[in-house]
Amino acid sequence: MFGVLILGNIENVENLKDIKLSKDNHSIRFLLVPKGEEGFQSGILNDFHFWKNKLEEIPVFVTSEFKVEEDFSWVPNDSSGRQNLMIESSAMDNRVYVGNIVIKEYDLESHSFLIDFEKNANYDLLRLSDIFYSYYDLFDNFLGRLWFHHTHFSIYNKSIDDFLKKIEISSTFHINGPLRDLEGKLNIIVDGVAGSGKSHMMQELRTSKSYGDNGSRIEVVVFHPSTSYEEFVSGIRPNFSKQAGESDFVTQEGTFVQMCNRAAQDPDNAYLLFIDEINRANTARVFGDLMLVLEKSKRQEFKDLAEEGRDGALFESSVQEMPGEYVRLQTPIFKNGKEYNKLAVPTNLHVLGTMNTTDRSVGTIDLALRRRFHWVTQHPFTAEELQEAMEENGEDYPEDIASWYENANTILLNQVGPDARLGHAYFFGKDGDAEAIAEALLNQLKEVAFTFNISQTILDAIGPVHGQKIITRGTGLGARPDIVDESYQG
């Protein structure tokens, strides 16, 4: 079980030591329990000496940066009858610590407690929003509607491992939270301008352990104009290891079928197919007849599914009664003298594509395939977000260049379009070298100016950075942006 302790207006986590909870600060709700189990609460109070040790073993989540908002509430239901949180607050970005409480003194009659909070060094900071979006019912049933200006500790009938497993993807991507819905949606495409951190997600995924140690359950494929259905799903290839009596050609499983097989054989764990530059291929041709079975409602749960007549996610052609939706492969797979021509897509296979919206030389996603994916836009950082991320990464924050970068993105957004903005990735990995950062940003701006045919007036409004600026040399079809010294007059 775990709890949630929320304390307003605490400047530092160290100040959570020796916090006194009493009726005066609403700790009448110090112990709250799942709906329908009210007897559990009174049992704790009646046998407090026994439960004291139990309470101290329960991991709790604490925010010490909470911004109190009076009359702040949320609405649990929308028109479709599903539980939703309608929250618009800067408080959602606040960091949440994981640790344990120690009850030092207590008076059950007045319902007051003196506690310590011991931060658990094994857990990184989480975002408050990750807790919200993962456990609507926690805040619905236990904490009430107007709880921002209260102090609460709630006991919740689930393990800390269950909670962290549910939010580990979204907490890993704490920047803009683009993957919060991956587990629920199964198929996601993250789009954004060059340098907005899409490719960086790969490294984050590997270290998150969401898909095995070092990303052992992740497969990466990069799409390009020559990528085909035969490579991605199934096709015929030369038999390079031909033995006597064997055919010159053999059928071969593509990357997608291979991942389906791995996921089907290990249904208790999540697998990820990461498709970089997904729009560089002819997606309608590459995915082909997978369009239908990619949908969440058409996926197959392989737990407790009979092994007879199947190999991983592939089923023999002789199998007539399929357990669920499937696609008939255009090129059947032959294994050990058997023909497999039916493919079911496992529910534990996640598909994540990335797409660069700055590059106008590549195509768009087929509309039918687009509907099968949940789309998330990875926006460039603001200067404030950039500073926070760089400091967390242990890098020096170049304030002057960051200010120029934010101003440039504001001008590009309003006068050119969102896909013309500069990415924040160029600030990282340069050890605070202002010259290197400025050079990387100017090189991107130069390409953006050429791609979007940005006028010199807009470039002048953006202005120079670190002693250099962008000008347009030539006219007409031969015009090309170039980087020059700030003093250059032309």
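The values are calculated or read from the model by the stated rules, or taken from the named source; none is laboratory data. Small disclaimer: the values here were computed from a predicted structure and weren't measured. We place every Cβ from the backbone using ideal geometry, glycine too, and count neighbours over all the protein chains shown. For the accessible areas, the whole protein counts, side chains as well, though only heavy atoms, and no ligand, DNA or RNA atoms are used. Shrake-Rupley method; radii C 1.70, N 1.55, O 1.52, S 1.80 Å.
Tabulated data for the structure shown
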quantity: Most to least accessible of His424, His466, His49, His224 (protein chains only, probe 1.4 Å); calculated: His49, His466, His224, His424
quantity: Kirkwood Rh in Å, taken over segment 436-488 so that all alpha-carbon pairs contribute; calculated: 11.0 Å
quantity: Cleavage-rule hits, GluC sites (Glu not before Pro), segment 271-328, DSSP coil, Cβ neighbours within 10 Å at most 10; calculated: Glu307, Glu308, Glu321
quantity: Solvent exposure ordering (accessible area, 1.4 Å, most first) of Trp404, Trp375; calculated: Trp375, Trp404
quantity: Simple spin-label estimate for Phe334 and Ser317 in nanometres, 7 Å along Cα-Cβ; calculated: 1.0 nm
quantity: Per residue, the convex hull volume that the Cα atoms of segment 226-361 enclose (Å³); calculated: 125 Å³
quantity: Using a Förster distance of 60 Å, the FRET efficiency for Thr475-Asp248 (Cβ separation, nearest 0.05); calculated: 0.55
quantity: Around Glu105: net Lys/Arg minus Asp/Glu count, Cβ-Cβ under 12 Å; calculated: 0
quantity: Cα-based shape type of segment 341-490, given that a ≥ b ≥ c are square roots of the gyration tensor eigenvalues and the cut on a/c is 1.5; calculated: oblate
quantity: Most to least accessible of Tyr229, Tyr426 (protein chains only, probe 1.4 Å); calculated: Tyr426, Tyr229
quantity: Accessible area of segment 386-443 belonging to carbon and sulfur atoms, whole % at 1.4 Å probe; calculated: 38 percent
quantity: Listed pairs Lys185/Lys303; Lys209/Lys338; Lys104/Lys209; Lys20/Lys119; Lys119/Lys185 exceeding 25 Å between Cα atoms; calculated: Lys209/Lys338; Lys104/Lys209; Lys119/Lys185
quantity: Potential extension, Thr207-Ala306 segment - 0.36 nm per residue separation minus Cα distance; calculated: 32.2 nm
quantity: Stretch gain in nm, segment Ala434-Glu109, where the contour uses 0.36 nm per residue and the Cα spacing is subtracted; calculated: 110.8 nm
quantity: Computed lengthening from Asp396 to Asp482, 0.36 nm per intervening residue step minus Cα-Cα distance; calculated: 28.1 nm
quantity: Pairwise label distance in nanometres, Asn214 with Thr410, each label 7 Å out on the Cα-Cβ vector; calculated: 4.6 nm
quantity: Relative contact order for segment 281-346, counting Cα pairs under 8 Å that sit 6 or more residues apart, in percent; calculated: 37 percent
